[in-house]
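The structure appears right after this line, and notes come after that.
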Amino acid sequence: MRHTISVLVENKFGVLTRVSGMFSGRGFNIDSLNVAPTHDASLSRITVVLMGDSSALDLAIKQLRKLVNVVDVVDFTDGQAVVRELVLIKVRADTKSRSEIMQICDIFRTKIVNVSSESVIIEVTGDEGKTSAFLKLVEPFGIIELARTGVLALKR
């Protein structure tokens, strides 16, 4: 089962290592990991997406809450959070294909952030379904390079 975990931590040296090590030490493979400071500079939010057994994850979350510098832990269930990801995609785009790529971008409400004679860089923001559907549509043009932020989530 796929789980999205939000961990609010004190913004201190070594906290990320302890949190990620706790998951990997219990056999969880981290699919996505995102860390950044919050509006309060003394706190950071770690958003982790992982696959695993629910009962093992419950035990891991209890142990996570006991870690030094961990302020709060939330395991989001489906529909309980707003979930988004940012993807930057460099796609081959010659003069013939550029207008078709731009139409796809309009449909998905994405942004073209860079244009060159041979490619475009597109910014896609949304949930996993939107980003996956967009990637399938532009794949035939030729994806040159791709970068993803990982999942961000906030409770509704």
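The values are calculated or read from the model by the stated rules, or taken from the named source; none is laboratory data. Not measured: the values here are computed from a predicted model. FYI the Cβ positions are ideal-geometry reconstructions off the backbone, even for glycines, and counts take in every protein chain you see. What goes into the accessible areas is simple: the full protein's heavy atoms, side chains included, and nothing from ligands, DNA or RNA. Shrake-Rupley method; radii C 1.70, N 1.55, O 1.52, S 1.80 Å.
Computed over the alpha carbons of the range 82-121, Rg followed by Dmax gives 11.0, 38 Å. When the solvent-accessible area of the chain is split by element, carbon and sulfur atoms take up 53 percent of it, the probe being 1.4 Å. Based on Cα atoms of the range 39-156, Rg over Rh with Rh as the Kirkwood radius reads 1.11. Along its principal axes, the range 99-145 has C-alpha extents of 30, 18, 18 angstrom, given from the largest down.
Between the Cα long axis of helix 128-138 and the first principal axis of the chain there is an angle of about 30°, rounded to the nearest 10. Of all lysines in the structure, the ones whose alpha carbon falls short of 27 Å from that of Lys62, not counting any fewer than 8 places away in one chain, are Lys12, Lys155. Residues of the range 59-76 with an amide N closer than 17 Å to a point placed 7 Å from the Cα of Leu43 along the Cα-to-Cβ direction: 65-76. The lysines whose alpha-carbon is closer than 18 Å to the alpha-carbon of Lys130, local same-chain residues fewer than 8 away aside, are Lys90, Lys111. Over the C-alpha trace of the range 3-57, radius of gyration and Dmax come out as 11.6, 34 angstrom. Relative to the dominant Cα principal axis of the chain, helix 98-108 is inclined by about 40°.
Tell me, in nm to one decimal, what length is gained between Val113 and Glu10 on full extension, where the rule is 0.36 nm per residue of separation less the Cα-Cα distance? Before the final figure, lay out each step's value.
On the way: separation 103, 0.36 × 103 = 37.08 nm, distance 3.43 nm.
Working it through step by step, the gained length comes to 33.6 nm.
Ignoring ligands, DNA and RNA, how do Ser97, Ser55 rank by accessible area with a 1.4 Å probe, largest first?
Values: Ser97 20, Ser55 80 Å².
I get Ser55, Ser97, largest accessible area first.
Qualifying GluC sites (Glu not before Pro) in the range 97-156, where qualification requires a DSSP coil assignment and no more than 16 other C-beta atoms within 10 Å, comprise Glu118.
Would you work out the relative contact order for the chain, in percent, from Cα pairs under 8 angstrom that are 6 or more residues apart? If you can, show how the numbers build up before the last one.
Details: 276 pairs, mean separation 43.4, N = 156.
RCO, the chain: 28 percent.
Here the gap between Lys155 and Asp31, fully extended at 0.36 nm per residue and compared with their Cα-Cα distance, gives a gain of 42.6 nm. Looking at the chain, the accessible area is 60 square angstrom per residue; that uses a 1.4 Å probe and ignores ligands, DNA and RNA.
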